[in-house]
Amino acid sequence: MINRKPASVSEVQAFVKEAPRIFSHGAGTKTALTVSVDGVTTLDMTLISGLQEYEPEEFTFTALAGTRIVDVNQALSQNGQYLPFDPPLVEHGATLGGTVAAGLSGPGRYRYGGVRDFLLGVSYVNSSGELVRGGGKVVKNAAGFDLAKLMIGSLGTLGVIVELTFKVFPAPELFSTLQLDFDTLVDALQALQQASVSHLDIDAIEMAPTESGFGVWIRIGGSAKTMPARIDRLYKMYNQGEILNGSDEEIIWQQLREFNWVPGGWSLIKLPMTHGRILALEGEVKRESMLRRYSCAGQIGWLAVKESPESIEPVIVKQGLYGLVILGSSERLRLGEYPSVSFYSRVKTALDPINRFVEV
Amino acid sequence: MNPDKFLSDLSQIYPAERFLTQPAQLTPYESDALTAYRVRPLAVVLPVTQNEVIETVRLCGRYQIPFVARGSGTSLSGGSLPVEGGIVIALNRLDRILRIDPENRIAVVEAGVVNLDVSAAAQPYGLYYAPDPSSQPICTIGGNLAFNSGGAHCLKFGMTSNHVLGIKAVLPDGEVVQLGDESLEGIGPDLVGLFVGSEGLFGIALEVILRLMPKPEIFKTVLASYSSLEGAGNAVSQVVASGLLPGAMEMMDELAIQAAEAAVQANYPPGATALLIVEIDGEKNQVEEEFEQLMGVIESSGAQEIRVAQDDADRARIWKGRKSAFSAVGRLSPDYIVQDGVVPRSRLGETLAEIERLSKQYNVRVANVFHAGDGNLHPLILYDGREAGSLERAEEIAGDIIHICIQSEGSITGEHGVGMEKRAYLPQMFNEVEMNTMRQLYNVIDPQKISNRGKMFLDIDSIFLNNGGAIYDQ
Ligand SMILES: Cc1cc2nc3c(=O)[nH]c(=O)nc-3n(C[C@H](O)[C@H](O)[C@H](O)COP(=O)(O)OP(=O)(O)OC[C@H]3O[C@@H](n4cnc5c(N)ncnc54)[C@H](O)[C@@H]3O)c2cc1C
């Protein structure tokens, strides 16, 4: 196995050209997805880093793929802006490229959309070592096929991402959270539902089993001036719960974003799902020893397991779901039956006809 | 490739009233909203079931007959123009809303469903479908998806692509695929995102899963008039700099204002050179606070006249003028071309000045209506098709405007697509490697090049058909 750490885009191109099999990674924060495979050249992209262009008045920035998101966030916050898809594992050192390739968004993606909705353009090195630009640098662009989208969740199999352009938004001045406790799952689901169709501007809705039942966390963001009235209104919708502010509030979301709730040595599985499927899934997983979080009003399930992730694959399959192991380790990272496999293989043939980029 | 045999097989799929071959029946399908182009198709079929579409596509594959999917034919770039020797698959009747699911906030609809009908069906649950092209009372979800259509309210919540969760499609070689599903998130390359915006080249979307959103609690809308486009443009920059995120930020110039006024009596301030519409939507308290802030910005932006919509009717009137601008401008001139290039927002002012200069130089009238919030221009270039050289002049000025967009690292199209009309410019925005990547994708998805052949790529006939695609196998 050869490990390479290119220091420039042209070096990435050169390494790609000389290696028959390539696997690229960022800071390695998605531990399960950062693999080493025999006979494969590994490209560590963390030196390909730096903010290239940032024009706050355009609501866009362009940065190299290895740029750490903490650094981006700092530059953005100096201008009162943020990445609304709430990238995860930022404090662990996540890079922009790794986040895009893993296709991950945090709990805050609920309000305005996920990483797919904020990525405007990419440059990647293709399997011939050529630089390819997809998408654009402006907030709106419908020219040609949207190649940038293909990099979302690509796990490095379609090219080595070297540069990215994102859309950003003005950041809310502050956040406030209503924390609710329910004895039964049905009540908790009802609460999620009520929030998700309400006319309140909600930033995030999270649900998780607790020791005594089920907790629901509803976060709103906005101006300091209106916040007291708005959180009060949210409270009155349920007439119960606890209002959290300041660091008590922030820590809840930080935990979720950073996956700090996942015990060391456990594996974490991402499950795309819907609110309507939680009841059935909970019925199955309760018996297993695992931790669960349901993000975005039940649109994303996160399962943390102590045993090997494959051991719970039957449960996932039974529910008609499919998942990806993000943290920990697993023989197989993809669990369950993936849709659109045949369409994907066409795309793979088009973009990487010589199969240079390893599929993990 | 025997068209008679093909047509006779095709007629087996459809009853006579949904299988059109008579010249008089074909005429309405010969062009779309880009009226400068016309092509008579071999036949037009009107499927009412997904199976009919699938069978039709498979038949086309067997005979290598090109097909064009058509929604309502409102494409402004010639996207739904028929292909010579091919058929049109008109999807207006494939229009069942299969499911509105308030629990998961999704709508499952067939591709021929009209955009606004989705919101109407979601209305009882307090939900709506966000992307709002001005053509939304007639255009279809399939057409929206093919072009990644936008609208006035796409600044905050994005375009069609940001609201499509799943697509069931029949690929040009007859395979039926399901991309994405009901969840907000997927795993693996974002294939839904690739299909959206593929301009009908990847086959036909049959059924689409759309994300619905709760309707904003309130809207607050202000209209301000300025004595110059630059003045209005500066106001846009100031709004953005103030840290606000409006739901919509739209501009119109003098010619567009006059046309809208004459067409729908929007009651816009008389004599304005430029008009800016800004709308804030969302939760009541927050909107009121932000609107106050917005008014502070607008009041110090040198506006001539400022009007705040007093009620829903007032707001509707303001938007009616804006949304009818295209058809209104149509009254000023027998024909027009609309461009929809994008420039970085900070370059709006200079770009508009340049368009004005070009308009004088070519002696061609240009009306401007555009999405100022995201730098998406819509210059409407007026011409008279009966006058020799008039279309050519209009196309020349359109080309100049597109060049400005490319030079400023913008885009040749924000939402109307490449279609027929901007095929020559796509290779100016993307280099040969990038163009080849797109052609390769087209090649693996439509090896026979029968799905909307000749759109997006200018050179598809010469490159693929003469070489049987071999050039890309090297
Ligand atoms: C007055 C007016 C105002 C407009 N305003 C806007 C605006 O604000 N924003 C905007 O973005 N656009 C606007 N448009 C452009 C146009 O309405 C949009 O492009 C719209 O999405 C086209 O929808 P349609 O149903 O008419 O599609 P068509 O014109 O019939 O087709 C458009 C393209 O989609 C393909 N297609 C159609 N159905 C399918 C399917 N099921 N599967 C695959 N491909 C398919 C066609 O082959 C074609 O390439 C406007 C047009 C007019 C005339």
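The values are calculated or read from the model by the stated rules, or taken from the named source; none is laboratory data. On a predicted model such as this, the values are computed, not experimentally measured, just so you know. Backbone-built Cβ (ideal geometry, glycine too); neighbour counts: all protein chains shown. All accessible areas refer to the heavy atoms of the entire protein, side chains included, with ligands and DNA or RNA removed. Shrake-Rupley method; radii C 1.70, N 1.55, O 1.52, S 1.80 Å.
From the list B:A372, B:A424, exactly one residue is within 14 Å of chain A (Cβ to nearest Cβ), over 23 Å from A:S123 (Cβ atoms) and surrounded by fewer than 18 Cβ atoms within 10 Å (Cβ to Cβ). Which is it? I'd like the intermediate steps shown before the answer.
On the way: B:A372 fails: surrounded by fewer than 18 Cβ atoms within 10 Å (Cβ to Cβ).
Of the residues listed, the single one that is within 14 Å of chain A (Cβ to nearest Cβ), over 23 Å from A:S123 (Cβ atoms) and surrounded by fewer than 18 Cβ atoms within 10 Å (Cβ to Cβ) is B:A424.
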(message) So if I check each of A:G98, A:G50, A:G80, A:G66, which one is touching a helix residue (DSSP H, G or I) at 6+ places or on another chain (Cβ under 9 Å) and either within 13 Å of chain B (Cβ to nearest Cβ) or under 23 Å from B:N431 (Cα atoms) (or both)?
(response) A:G80
(message) Give me the helices (runs of 4 or more DSSP H) completely within the stretch B:228-342, filtered to those with at least 1 residues that are within 16 Å of the ligand (Cβ to nearest atom) and touching a residue at least 12 places away in the same chain (Cβ under 8 Å), ordered by residue number.
(response) B:254-264, B:312-323, B:325-330
(message) From the list A:V341, A:V262, exactly one residue is surrounded by fewer than 21 Cβ atoms within 10 Å (Cβ to Cβ), within 22 Å of the chain's Cα centre (by Cα), within 14 Å of another protein chain (Cβ to nearest Cβ) and aliphatic (A, V, I, L, M). Which is it?
(response) A:V341
(request) Pull up the stretch B:1-17, narrow it to residues that are modelled with pLDDT under 95 and not in a loop (DSSP other than H, G, I, E, B), then point me to the one that is farthest from B:V83 (Cα to Cα). (result) B:D4
(request) Looking at (1) open to solvent by 10 Å² or more (accessible area, probe 1.4 Å); (2) in a helix (DSSP H, G or I); (3) closer than 29 Å to A:A14 by Cα, find the lone condition where A:L47 falls short. (result) (2)
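So, restricting to helices (runs of 4 or more DSSP H) that lie completely within the stretch A:248-360, which ones have at least 1 residues that are closer than 28 Å to A:V37 by Cβ?
On the way: elements: A:278-285, A:313-318, A:341-351.
The helices (runs of 4 or more DSSP H) meeting that bar are A:313-318, A:341-351.
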(message) All but one of (1) away from chain B (no Cβ under 14 Å); (2) in contact with a strand residue (DSSP E or B) (Cβ under 7 Å, 6 or more places away or on another chain); (3) of a type in the set (A, V, I, L, M, F, W, C) hold for A:V315; state the number of the condition that does not hold.
(response) (2)
(request) Run B:I138 past the list (1) within 14 Å of the ligand (Cβ to nearest atom); (2) in a helix (DSSP H, G or I); (3) open to solvent by 30 Å² or more (accessible area, probe 1.4 Å) and report the number of the one that doesn't hold. (result) (2)
(message) Could you check the stretch A:101-143 and list, in sequence order, the residues that are more than 10 Å from chain B (Cβ to nearest Cβ), touching a strand residue (DSSP E or B) at 6+ places or on another chain (Cβ under 7 Å) and closer than 27 Å to A:W217 by Cα?
(response) A:P107, A:G108
(message) When you check B:Q361 against the structure, is it within 14 Å of another protein chain (Cβ to nearest Cβ) and surrounded by fewer than 23 Cβ atoms within 10 Å (Cβ to Cβ), yes or no?
(response) no
(request) List the number of the failed condition for A:P170; all other conditions in (1) surrounded by fewer than 23 Cβ atoms within 10 Å (Cβ to Cβ); (2) touching a residue at least 60 places away in the same chain (Cβ under 8 Å); (3) facing chain B (nearest Cβ under 8 Å); (4) closer than 30 Å to A:P20 by Cβ hold. (result) (4)
(request) Please go through the stretch B:133-170 and pick out each residue that is free of Cβ contacts under 8 Å to residues at least 60 places away in the same chain and hydroxyl-bearing (S, T, Y). (result) B:T160, B:S161
(request) Return only the number of the condition from (1) touching a strand residue (DSSP E or B) at 6+ places or on another chain (Cβ under 7 Å); (2) under 25 Å from B:H371 (Cα atoms) that B:T437 does not satisfy. (result) (2)
(request) Please name all residue pairs, on different chains or six or more residues apart, with Cβ atoms under 8 Å, provided the first residue is in the stretch B:76-87 and is more than 8 Å from the ligand (Cβ to nearest atom) and the second residue is modelled with pLDDT of 95 or more and among the aromatic types (F, W, Y). (result) B:P82/B:Y29; B:V83/B:F67; B:G86/B:F67; B:I87/B:F67
(request) Run down B:A130, B:A205, B:A122, B:A111 and say which single residue is in contact (Cβ under 8 Å) with a residue 12 or more places away in the chain, within 12 Å of chain A (Cβ to nearest Cβ) and out of contact with any Pro (no Cβ under 9 Å at 6 or more places or on another chain). (result) B:A130
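Please count how many residues of the stretch B:14-33 are among the hydrophobic types (A, V, I, L, M, F, W, C), touching a Leu at 6+ places or on another chain (Cβ under 9 Å) and open to solvent by 30 Å² or more (accessible area, probe 1.4 Å). Give the derivation first.
At the first step, the residues of the stretch B:14-33 found to be among the hydrophobic types (A, V, I, L, M, F, W, C) are B:16, B:19-20, B:24, B:26, B:33.
Next, only the ones that are touching a Leu at 6+ places or on another chain (Cβ under 9 Å) stay: B:19-20, B:26, B:33.
Within this subset, residues satisfying the condition of being open to solvent by 30 Å² or more (accessible area, probe 1.4 Å) are B:19, B:33.
Summing the residues that are among the hydrophobic types (A, V, I, L, M, F, W, C), touching a Leu at 6+ places or on another chain (Cβ under 9 Å) and open to solvent by 30 Å² or more (accessible area, probe 1.4 Å) in the stretch B:14-33 gives 2.
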(request) Residue by residue through the stretch A:217-238, note down the ones that are touching a residue at least 12 places away in the same chain (Cβ under 8 Å) and open to solvent by 50 Å² or more (accessible area, probe 1.4 Å). (result) A:R233, A:Y235, A:M237
(request) Can you work out which of the residues in the stretch A:144-163 that are within 7 Å of another protein chain (Cβ to nearest Cβ) and either assigned to a helix (DSSP H, G or I) or modelled with pLDDT under 95 (or both) is surrounded by the most Cβ atoms within 10 Å (Cβ to Cβ)? (result) A:L150
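Could you list, in sequence order, the residues of the stretch B:141-160 that are hydrophobic (A, V, I, L, M, F, W, C) and more than 8 Å from the ligand (Cβ to nearest atom)?
In the first step, residues of the stretch B:141-160 are kept if they are hydrophobic (A, V, I, L, M, F, W, C); the result is B:141, B:145-147, B:152, B:154-155, B:157, B:159.
Correct list: B:C154, B:L155, B:F157.
Within 11 Å of the ligand (Cβ to nearest atom) and surrounded by fewer than 22 Cβ atoms within 10 Å (Cβ to Cβ) - does that describe any residue in the stretch B:119-128?
Quick first cut of the stretch B:119-128, residues within 11 Å of the ligand (Cβ to nearest atom) only: none.
Checked the stretch B:119-128: no residue is within 11 Å of the ligand (Cβ to nearest atom) and surrounded by fewer than 22 Cβ atoms within 10 Å (Cβ to Cβ).
Quick one: which of A:G320, A:G246, A:G283 is at positive phi and at pLDDT below 95?
On the way: A:G246 fails: at pLDDT below 95; A:G283 fails: at positive phi.
Sole residue among the options that is at positive phi and at pLDDT below 95: A:G320.
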(message) So B:S301 passes all but one of these: (1) more than 14 Å from chain A (Cβ to nearest Cβ); (2) within 18 Å of B:G321 (Cβ to Cβ). Which condition number does it fail?
(response) (2)
(message) Any residue that is under 21 Å from A:A142 (Cα atoms), among the charged types (D, E, K, R) and either surrounded by fewer than 24 Cβ atoms within 10 Å (Cβ to Cβ) or within 23 Å of the chain's Cα centre (by Cα) (or both) - is there at least one of those in the stretch B:34-50?
(response) no
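For the stretch A:164-185, which positions are part of a strand (DSSP E or B) and out of contact with any Lys or Arg (no Cβ under 7 Å at 6 or more places or on another chain)?
As a first pass, look at the stretch A:164-185 and keep what is part of a strand (DSSP E or B): A:164-167, A:169-170, A:174-182.
Answer for the stretch A:164-185, where residues must be part of a strand (DSSP E or B) and out of contact with any Lys or Arg (no Cβ under 7 Å at 6 or more places or on another chain): A:L164, A:F166, A:K167, A:F169, A:P170, A:L174, A:S176, A:L178, A:Q179, A:L180, A:D181, A:F182.
Of everything in the stretch B:51-69, what is within 10 Å of the ligand (Cβ to nearest atom) and either open to solvent by less than 20 Å² (accessible area, probe 1.4 Å) or over 17 Å from B:I141 (Cα atoms) (or both)? Give them in sequence order.
Taking the stretch B:51-69 first, the residues within 10 Å of the ligand (Cβ to nearest atom) are B:53, B:67-69.
Listed by number, the residues that qualify are B:V53, B:F67, B:V68.
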(request) Exactly one condition in (1) touching a helix residue (DSSP H, G or I) at 6+ places or on another chain (Cβ under 6 Å); (2) within 13 Å of the ligand (Cβ to nearest atom) is not met by B:P133; state its number. (result) (1)
